[in-house]
Amino acid sequence: MPLPMMRKSARRSTPLLLLLSYHRHPMNAPVPPAPDAIRLDVRAAAGTYGIEIAPDLSARLAAFLDASKVPARRFIVSSPTVWRLHGDRFGGLTGDEPILIPDGERHKHLATVGRIYDALIRAGADRATTIVAIGGGMVGDIAGFAAATYLRGVPVVQVPTTLLAQVDSSVGGKVGVNHALGKNLIGAFHPPAAVAIDPDLLATLPRREFRAGLYEVVKYGVIASPGLFDRVQQQLKAIFARDASVLLPVIAESCRIKARIVEQDERESGVRRTLNFGHTAGHGLESVTKYRRFRHGEAIAYGMLVAAELAVMRHALAADARERLASLIVQMGPLPPVGDLSSAEILEAVTRDKKVIAGRLHFVLPAAIGSTTVVTDVTEEELTAALIATGLRT
Ligand SMILES: NC(=O)c1ccc[n+]([C@@H]2O[C@H](COP(=O)([O-])OP(=O)(O)OC[C@H]3O[C@@H](n4cnc5c(N)ncnc54)[C@H](O)[C@@H]3O)[C@@H](O)[C@H]2O)c1
Ligand SMILES: [Zn+2]
């Protein structure tokens, strides 16, 4: 298989005929949503919450929060970068100062959560408080964790501003922080009271961040939706141009897939594991490079290729399906190199990872574009061969 990082991107701009159908209906809101808004409901153990996806939703956020019936005192948690770029869109949402936490995964720890508690306590935030998390997955996870624990839990509304957060981390209720000894080791399940997704916010996202989120969209296509996979492939140019009308159905379909999976398995004991497609080898790559080389989605791109390779080796996936995945990843643009990384190192990291359950490595393998199987009998030899076929050294 050609290495994805070696080829120049060659995107196609074929217009797409396929139309996913969505149930569009007005929200029970004082201000009606834009006609092109998409609304999804997610059932969680703690109650159903709504996701609204609409261009310019940030400008209507106050009405959205009122309609979501969350407590009236609102505290924004955001980051300086996001606030500098987009803070003015959220004017009038609250009289309280936004709580800005430093950006970057290295600040995703308990001390930063402590700063949020400090600000809330100083401002006299009581149980009738809503946390509004405006930012990428890092802000969403950390603000969500603060909300899960402050006064034993106050509602959080997620307003994701990266593509990754809009299609993945804002939905499903996993919140948490890192520990010095590992990623996301401290956390809770705290489903949002509502999720407000405004694709217009993505206009300022650096291209590499945008692409990193798009790999997770490709993941959804492979695990659950050939239509989504085709749509990304055929509309890649318009997607990268951040055309909101093109992004809207892509984000909505991704959220719908994630929502349907987490509804069935909120606490990840079964089907939710399929969301880990690409994440077994992907986490190994992130870990051996100390989280510095890859954006998360980039490591997942390689992880998906490794899993597809494994599946082809087992005659569980047609070689042309693997080629379709590889060629889409190539078209999406360059990935950081992996040729200097040894398969043995990755293997060690993978077997240390938390997806080893009761001593067995759970691997999500694609069975076709649109379906997966979970296997527990992948051998070290097989994984090594798949890593090498994906470009790693022995
Ligand atoms: N809870 C979950 O289910 C879940 C799932 C996947 C990932 N995550 C977590 O999400 C985090 C990664 O999230 P991420 O990829 O969004 O990264 P991030 O939150 O670190 O944001 C990436 C960068 O983009 C900037 N940014 C955010 N919005 C922007 C905008 N609109 N314009 C310009 N710049 C903007 C941020 O300031 C930051 O520098 C990780 O901590 C990961 O563990 C959680
Ligand atoms: Zn991921």
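The values are calculated or read from the model by the stated rules, or taken from the named source; none is laboratory data. Being a predicted model, the structure only gives us computed values, none of them experimental. Note that each Cβ is placed from the backbone with ideal geometry, even for glycine, and that neighbours are counted across all protein chains shown.
Given P206, P249, P191, P226, which one is out of contact with any helix residue (DSSP H, G or I) (no Cβ under 6 Å at 6 or more places or on another chain) and farther than 30 Å from L85 by Cβ?
P226
Quick grid of which residues meet (1) part of a helix (DSSP H, G or I); (2) over 14 Å from the mean Cα position of the chain (by Cα):
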| position | (1), (2) |
| --- | --- |
| G172 | no, no |
| E209 | yes, no |
| G213 | yes, no |
| P249 | yes, yes |
| I257 | yes, no |
| E266 | no, yes |
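Would you call V82 under 28 Å from S245 (Cβ atoms), surrounded by 20 or more Cβ atoms within 10 Å (Cβ to Cβ) and at pLDDT 95 or above?
So V82 passes the test.
Can you tell me which condition T289 does not meet? The list is (1) within 16 Å of ligand 1 (Cβ to nearest atom); (2) more than 19 Å from the chain's Cα centre (by Cα); (3) surrounded by 19 or more Cβ atoms within 10 Å (Cβ to Cβ), and all the others hold.
Going through (1) within 16 Å of ligand 1 (Cβ to nearest atom); (2) more than 19 Å from the chain's Cα centre (by Cα); (3) surrounded by 19 or more Cβ atoms within 10 Å (Cβ to Cβ) one by one, T289 breaks only (3).
Please work out which residue is modelled with the lowest pLDDT, limiting yourself to region 270-285 and to residues that are in a helix (DSSP H, G or I) and more than 10 Å from ligand 2 (Cβ to nearest atom).
So the residue we want is V271.
Would you confirm, using the coordinates I've provided, whether G176 is in contact with a Phe, Trp or Tyr (Cβ under 6 Å, 6 or more places away or on another chain) and outside any helix (DSSP H, G or I)?
yes
Yes or no: region 126-134 includes at least one residue that is within 15 Å of ligand 2 (Cβ to nearest atom), in contact with a helix residue (DSSP H, G or I) (Cβ under 6 Å, 6 or more places away or on another chain), modelled with pLDDT of 95 or more and under 30 Å from V246 (Cα atoms).
no
Would you mind telling me which numbered condition in (1) buried (at least 24 other Cβ atoms within 10 Å of the Cβ); (2) more than 16 Å from ligand 2 (Cβ to nearest atom); (3) assigned to a helix (DSSP H, G or I) Q166 fails?
So the condition that Q166 fails would be (2).
Does D96 satisfy the criteria of being more than 14 Å from ligand 1 (Cβ to nearest atom), outside any loop (DSSP other than H, G, I, E, B) and not β-branched (V, I, T)?
Judged against the criteria, D96 is not a match.
Run down I300, I346, I357 and say which single residue is over 14 Å from A385 (Cβ atoms), of a type in the set (A, V, I, L, M, F, W, C) and either crowded, with 18+ Cβ neighbours inside 10 Å or modelled with pLDDT of 95 or more (or both).
After applying the criteria, what remains is I300.
Select from region 218-247 the residues that are in a loop (DSSP other than H, G, I, E, B) and surrounded by 19 or more Cβ atoms within 10 Å (Cβ to Cβ) and list them in ascending order.
Passing the criteria: S225, Q235.
Out of G87, G114, G140, I need the residue that is outside any loop (DSSP other than H, G, I, E, B), within 22 Å of A46 (Cβ to Cβ) and among the small types (G, A, S). Which one?
Numbers: G87 fails: within 22 Å of A46 (Cβ to Cβ); G114 fails: within 22 Å of A46 (Cβ to Cβ).
After applying the criteria, what remains is G140.
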